[in-house]
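Undergrad: Following this message is one structure expressed as structure tokens.
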Amino acid sequence: MRCIVVLSAFLGLAASSSHAIFGAEVVTVAGTGVKAYEPDNAVATKTPVGEPYGIAKGPDGSLYICEIANHVVRKLDESTGNLTLVAGNGMKGYSGDGGPATKAQLNEPYEVRFDKAGNVYFVEMQNNLVRKVDAKTGIISTVAGTGKQGFSGDGGPATKATFNRPHSITLDNDGHLYICDIGNHRIRVVDLGSGVVSTFAGTGERKPTPDGAAIAGTPLNGPRALDFDGNHSLYLALREGNAVYRIDLKSKTLHHLAGTGQKGFTGNGGPAKQATLSGPKGIALAPNGDVYLADTESHTVRVIRAATGILDVVVGDGQRGDGPDGVPLKCRTARLHGVFVDKAGTVYIGDSENYRVRALK
């Protein structure tokens with residue numbers, strides 16, 4: 001029984017207090033529900049997907065999937081339905097820099113992103129680093145981190161810096177790589193031109209983040225997931241802070257969008273700022289500005305409506321489960337981590353502990 005959720009972000013008719021989408025349904029696009037690893041070039045819906053976390057579409061139109069149980073990054077060509085390997089050999093470790101990415105050892109790749117040249121970046125939480133696969137050569141290299149856990153290196157080469165369980169990455173239009181250094185309660189940034197790393201946001205303290213505060217000197221409690229709007233804002237989900245903020249890169253300020261800071265599953269259909277969230281671990285911007293969340297511990301996909309500031313549930317009912325496919329609000333998930341919205345408004349979900357990728361369309 002497979003359940004991938006693909007959701008049109010543009011159809012905004014309310015069927016209930018959760019504002020379900022008329023005509024939308026959940027389908028499975030990859031995975032069998034089994035935690036295993038099988039060879040590439042196989043039909044995605046007949047191939048095990050090992051605990052999918054971060055997911056994103058690349059410049060080639062393929063859906064890239066981070067599998068933490070298999071220590072690989074693979075891609076799904078939706079025109080053929082096949083999975084192929086991008087990075088990792090299926091063995092846990094840290095090796096392979098300077099050689100083919102498919103021969104390298106990875107350790108829990110959590111999230112994947114792309115630069116303008118189509119190069120693939122992914123963060124390895126257990127290796128405490130970020131690596132890159134060259135789009136032309138397929139060669140893998142480390143761009144940030146030493147493989148050791150810690151907090152050091154600001155002002156120097158990113159490859160000599162240490163991080164503490166980095167979870168999420170994103171890139172802006174100016175060659176900056178942002179890293180959610182969650183164990184250090186900071187967002188770090190790497191200038192990809194110079195290779196220098198610095199702290200962008202967070203003080204290392206686990207304290208509340210005031211609305212409208214300047215980035216500098218303001219704490220972040222568990223910065224878990226980031227996305228870039230393509231313009232001048234980053235969107236940030238705080239896992240332990242149970243809140244969502246917009247970071248204005250021009251004014252260098254933080255703006256509260258959702259979550260009271262308390263953990264829970266309340267406020268659906270009402271103002272997002274008054275709702276409670278449950279350990280959000282994934283965030284994605286839709287083309288119309290809506291902000292989608294993998295609200296991991298409520299086992300749902302939730303959305304902050306850009307036009308109204310209302311928080312809705314679009315997949316799941318708050319209970320852990322495995323599907324079934326079909327009606328979105330009846331399709332349960334199990335500790336989902338990844339969420340991505342493509343240009344057509346399709347919402348993809350890394351349904352982590354069901355070992356499936358789902359889509360709502």
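The values are calculated or read from the model by the stated rules, or taken from the named source; none is laboratory data. Because the structure is a prediction, the values reported are computed rather than measured. Methodologically, a virtual Cβ is constructed for each residue, glycine included, from the backbone with ideal geometry; neighbour enumeration extends over all protein chains shown. The accessibility values were calculated without ligands, DNA or RNA, using every heavy atom of the protein model including side chains. Shrake-Rupley method; radii C 1.70, N 1.55, O 1.52, S 1.80 Å.
Undergrad: So how many residues does region 54-103 have that are under 24 Å from Lys281 (Cβ atoms), in a strand (DSSP E or B) and of a type in the set (Val, Ile, Thr)?
TA: Result for region 54-103: 5.
Undergrad: If you don't mind, there's one more thing I want to ask. Filter region 209-240 for residues that are of a type in the set (S, T, N, Q) and more than 19 Å from Phe151 (Cα to Cα); which is surrounded by the fewest Cβ atoms within 10 Å (Cβ to Cβ)?
TA: Across region 209-240, the extreme among qualifying residues is Asn231.
Undergrad: Output the residues belonging to region 58-76 that are exposed (fewer than 15 other Cβ atoms within 10 Å of the Cβ) and either at negative phi or touching a Gly at 6+ places or on another chain (Cβ under 7 Å) (or both).
TA: Pro59, Asp60
Undergrad: Restricting region 190-208 to residues that are of a type in the set (Val, Ile, Thr) and out of contact with any Leu (no Cβ under 7 Å at 6 or more places or on another chain), which is least open to solvent (accessible area, probe 1.4 Å)?
TA: My answer is Val197.
Undergrad: Taking region 212-231, which residues are more than 11 Å from Tyr245 (Cβ to Cβ) and more than 23 Å from the chain's Cα centre (by Cα)?
TA: Hits for region 212-231 are Ala214, Ala216, Gly217.
Undergrad: What are the residues in region 279-318 that are over 16 Å from the mean Cα position of the chain (by Cα) and of a type in the set (S, T, N, Q), if any?
TA: Of everything in region 279-318, those that are over 16 Å from the mean Cα position of the chain (by Cα) and of a type in the set (S, T, N, Q) turn out to be Asn288, Ser298, Thr308.
Undergrad: Could you say which residue among Asp317, Asp342, Asp312, Asp351 is at pLDDT 95 or above, under 30 Å from Pro59 (Cα atoms) and surrounded by fewer than 22 Cβ atoms within 10 Å (Cβ to Cβ)?
TA: Asp342
Rundown of residues vs (1) open to solvent by 10 Å² or more (accessible area, probe 1.4 Å); (2) at pLDDT 95 or above; (3) outside any loop (DSSP other than H, G, I, E, B), yes/no style:
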{"residue": "Tyr110", "(1), (2), (3)": "yes, yes, yes"}
{"residue": "Arg113", "(1), (2), (3)": "yes, yes, yes"}
{"residue": "Val123", "(1), (2), (3)": "no, yes, yes"}
{"residue": "Gln126", "(1), (2), (3)": "yes, yes, no"}
{"residue": "Arg131", "(1), (2), (3)": "no, yes, yes"}
{"residue": "Thr137", "(1), (2), (3)": "yes, yes, no"}
{"residue": "Thr142", "(1), (2), (3)": "yes, yes, yes"}
{"residue": "Thr146", "(1), (2), (3)": "yes, yes, no"}
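Undergrad: Output the residues belonging to region 302-329 that are touching a Ser or Thr at 6+ places or on another chain (Cβ under 8 Å) and among the hydrophobic types (A, V, I, L, M, F, W, C).
TA: Val313, Val314, Val315, Leu329
Undergrad: What are the residue pairs meeting all of these: first residue in region 65-82, first residue farther than 17 Å from Gly54 by Cα, second residue of a type in the set (A, V, I, L, M), Cβ atoms under 6 Å, and 6 or more apart or on different chains?
TA: If the second residue must be of a type in the set (A, V, I, L, M), the pairs left are Gly81/Val43; Gly81/Ala44.
Undergrad: Of all residues in region 320-339, count the ones that are assigned to a loop (DSSP other than H, G, I, E, B) and crowded, with 24+ Cβ neighbours inside 10 Å.
TA: Selection size over region 320-339: 4.
Undergrad: Any chance region 82-90 includes a residue that's of a type outside the set (Phe, Trp, Tyr) and more than 21 Å from Ile65 (Cβ to Cβ)?
TA: Checking region 82-90: not a single residue is of a type outside the set (Phe, Trp, Tyr) and more than 21 Å from Ile65 (Cβ to Cβ).
Undergrad: For region 156-184, which positions are in a loop (DSSP other than H, G, I, E, B) and either in contact with a strand residue (DSSP E or B) (Cβ under 6 Å, 6 or more places away or on another chain) or open to solvent by less than 20 Å² (accessible area, probe 1.4 Å) (or both)?
TA: Passing the criteria: Gly156, Ala161, Asn164, Pro166, His167, Asp172.
Undergrad: Since Leu192 meets every condition but one in (1) under 22 Å from Gln262 (Cβ atoms); (2) touching a His at 6+ places or on another chain (Cβ under 9 Å); (3) hydrophobic (A, V, I, L, M, F, W, C), which condition does it not meet?
TA: It fails just one condition, (1).
Undergrad: Determine, yes or no, whether Tyr245 is closer than 18 Å to Val347 by Cβ and either open to solvent by less than 50 Å² (accessible area, probe 1.4 Å) or touching an Asp or Glu at 6+ places or on another chain (Cβ under 6 Å) (or both).
TA: Answer is no for this residue.
Undergrad: Hey, does region 293-303 have a residue that's open to solvent by less than 10 Å² (accessible area, probe 1.4 Å), free of Cβ contacts under 8 Å to residues at least 40 places away in the same chain and of a type in the set (Lys, Arg)?
TA: yes
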